[in-house]
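The values are calculated or read from the model by the stated rules, or taken from the named source; none is laboratory data. The model shown is predicted, which means the values in this text are computed figures rather than measured ones. All Cβ positions, even for glycine, are placed from backbone atoms using ideal geometry, and neighbour counts span all protein chains on display.
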Amino acid sequence: MPILRRLLPAPSPSVEAGVEYAYPGGGTPFVRANMVSSVDGAAVLEGRVGDLTGPVDFDLLLLLRSLSDVLLVGAATVRAEGYGPVRTRAKDREHRGDRPLAHPRLAVVSRRVDLDLTSSAFTEAPERPIVVTTGLAHADRVAAAEEVADVLVAGETDVDMGVVVGHLAGLGLTRVLSEGGPQILGTLYAAGLVDELCLALSPRVAGGGETSRITAGATLPEVEGVRLTAAYEAEDFLFLRYRRAG
């Protein structure tokens, strides 16, 4: 269980992340995004997040997964990071509470079902995964996905995230966690669906070269304001939590 030093709103030298990051009640959809960035704004190093993380950051990532009902992630991130089965850790069960499922479901967004459906993320998943796709997906790929996952067609050429979140809520999966990548987070922000951004600032400087930000792709109708609700520190990482303004 990550132990953090809380800086805001009320400083404390030691707090349990499982309590701090509990989802709000009420039963309505709540979309939380969890991302990491270097201090100079890089979301990946050489195409992967791994070199930006540390032990406490990774522990917090697994905790946030355990607290959620569904992990929403893009196909490129699944491929780059080598996702395996998503499970609730035993030490996090008390913080998960009385949820519809014992483990989060994995929901992978891929417009054409460009996925390795034989990977353990699908074949060893403790809860049946969901593949979110579009009308661009070939029927053969959809049929193959249906062997290992439930398939949701959420648009003709692009995924409509409003449809996705509404569908998940209809399944009782209201605690949504997105780990990106940047395209997915950009689309969620463009649709006005991000309730909370959990941003880890890694104590690393990436320097020049081709780096991506934590959002990409979709253009927002206007710049969105957010408000800082909490800040924590551990291992020279800053863990920041932002809610939508107003």
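Filter the range 3-19 down to the residues that are loosely packed, with under 15 Cβ neighbours inside 10 Å and either farther than 14 Å from HIS95 by Cα or not charged (D, E, K, R) (or both) and list them by number. ILE3, ARG5, LEU8, PRO9, ALA10, PRO11, SER12, PRO13, SER14, VAL19, listed by residue number. Could you list, in sequence order, the residues of the range 2-23 that are touching an Asp or Glu at 6+ places or on another chain (Cβ under 6 Å) and not in a strand (DSSP E or B)? PRO2, the sole residue that qualifies.
Being within 15 Å of the chain's Cα centre (by Cα) and over 22 Å from PRO24 (Cα atoms) is a condition met by at least one residue of the range 88-108. The residues on offer are LEU193, LEU188, and the sole one that is out of contact with any Leu (no Cβ under 9 Å at 6 or more places or on another chain), touching a residue at least 60 places away in the same chain (Cβ under 8 Å) and more than 23 Å from THR88 (Cα to Cα) is LEU193. Residues that are surrounded by fewer than 17 Cβ atoms within 10 Å (Cβ to Cβ) and modelled with pLDDT of 95 or more were ranked within the range 63-87; the one that is nearest to GLY27 (Cα to Cα) is PRO85.
Can GLY50 be described as within 17 Å of the chain's Cα centre (by Cα), surrounded by fewer than 16 Cβ atoms within 10 Å (Cβ to Cβ) and farther than 29 Å from LEU136 by Cα? Yes, satisfied. Of VAL39, VAL15, all but one fail to be modelled with pLDDT of 95 or more, within 17 Å of ASP236 (Cα to Cα) and of a type in the set (Val, Ile, Thr); the exception is VAL15. Take LEU61 and tell me if it is in contact with a strand residue (DSSP E or B) (Cβ under 7 Å, 6 or more places away or on another chain), under 16 Å from GLU196 (Cα atoms) and not hydroxyl-bearing (Ser, Thr, Tyr). Criteria met by LEU61.
Scanning the range 146-171 for residues that are in a loop (DSSP other than H, G, I, E, B) and surrounded by fewer than 19 Cβ atoms within 10 Å (Cβ to Cβ) gives GLU147, VAL148, GLY155, GLU156, THR157, ASP158, ASP160, LEU171. Scanning the range 227-246 for residues that are exposed (fewer than 15 other Cβ atoms within 10 Å of the Cβ) and over 22 Å from ARG5 (Cβ atoms) gives ALA245, GLY246.
Residue count for the range 189-209, restricted to those that are among the aliphatic types (A, V, I, L, M) and at pLDDT below 95: 4. Exactly one residue among VAL56, VAL39 is buried (at least 19 other Cβ atoms within 10 Å of the Cβ), on the phi < 0 side of the Ramachandran plot and not aromatic (Phe, Trp, Tyr), and that residue is VAL56. Sub-7 Å Cβ pairs linking a first residue in the range 75-93 that is over 27 Å from GLU16 (Cβ atoms) to a second residue that is acidic (Asp, Glu) and surrounded by 17 or more Cβ atoms within 10 Å (Cβ to Cβ), at least 6 apart or interchain, are THR77/GLU179, ordered by first then second residue.
Candidates ARG175, ARG128, ARG141: the one that is under 23 Å from THR28 (Cα atoms), basic (Lys, Arg), over 17 Å from the mean Cα position of the chain (by Cα) and modelled with pLDDT of 95 or more is ARG128.
Scanning the range 172-210 for residues that are hydrophobic (A, V, I, L, M, F, W, C), surrounded by fewer than 22 Cβ atoms within 10 Å (Cβ to Cβ) and under 22 Å from GLY135 (Cα atoms) yields ALA190, ALA191.
Inspect the range 221-228 for any residue being within 20 Å of the chain's Cα centre (by Cα) and in contact (Cβ under 8 Å) with a residue 60 or more places away in the chain and give the result as yes or no. For the range 221-228, residues within 20 Å of the chain's Cα centre (by Cα) and in contact (Cβ under 8 Å) with a residue 60 or more places away in the chain: present.
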